[in-house]
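Only one structure is covered here, and it is reproduced in the block below.
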Amino acid sequence: MSKDLARQNELKKMELCASCAGIQRNWRRAPGHAELVQGGNRKEEREHGLVTITRYRCDRCGTAWEYENDKANLHAGWSVVGRQLAT
């Protein structure tokens with residue numbers, strides 16, 4: 001099974017809480033929700049320069065999110081990156 005297919009199957013099995021399900025993905029400046037806990041961040045190179053990507057985890061359902069803050073890309077923003085178990 002390819003990595004992409006395995007990733008899609010994992011995301012299909014995940015159940016998002018109502019708050020996470022309401023987050024508009026891939027749209028810059030879309031709001032998150034109050035139960036998202038901020039994690040670390042990193043810088044990534046894009047054609048026009050560096051962008052910041054910040055990780056979040058939902059306290060309610062454990063969904064792991066990343067927010068890409070790229071002012072040059074209107075379709076950056078929130079994306080689901082998997083499930084993190086609370087520790």
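Before moving on, here are some points about what is shown:
- Matching residues, region 37-49, being of a type outside the set (Lys, Arg), surrounded by 10 or more Cβ atoms within 10 Å (Cβ to Cβ) and modelled with pLDDT under 95: HIS48, GLY49
- Condition met for ALA34 (open to solvent by less than 40 Å² (accessible area, probe 1.4 Å), within 23 Å of LEU16 (Cα to Cα), of a type in the set (A, V, I, L, M, F, W, C) and assigned to a loop (DSSP other than H, G, I, E, B)): no
- Here MET14, MET1 are screened, and the one residue that is open to solvent by 40 Å² or more (accessible area, probe 1.4 Å) and at pLDDT below 95 is MET1.
- One residue from HIS75, HIS33 being touching a helix residue (DSSP H, G or I) at 6+ places or on another chain (Cβ under 7 Å) and modelled with pLDDT of 90 or more: HIS33
- Some residue of region 50-64 being charged (D, E, K, R), at pLDDT 95 or above and in a strand (DSSP E or B): yes
The values are calculated or read from the model by the stated rules, or taken from the named source; none is laboratory data. Bear in mind the structure is a predicted one, so any value in this text is a computation, not a measurement. Every residue, glycine among them, receives a Cβ derived from its backbone with ideal geometry; neighbour counts consider all protein chains shown. Accessible surface is based on the protein model in full, side chains and every heavy atom, while ligands, DNA and RNA are left aside. Shrake-Rupley method; radii C 1.70, N 1.55, O 1.52, S 1.80 Å.
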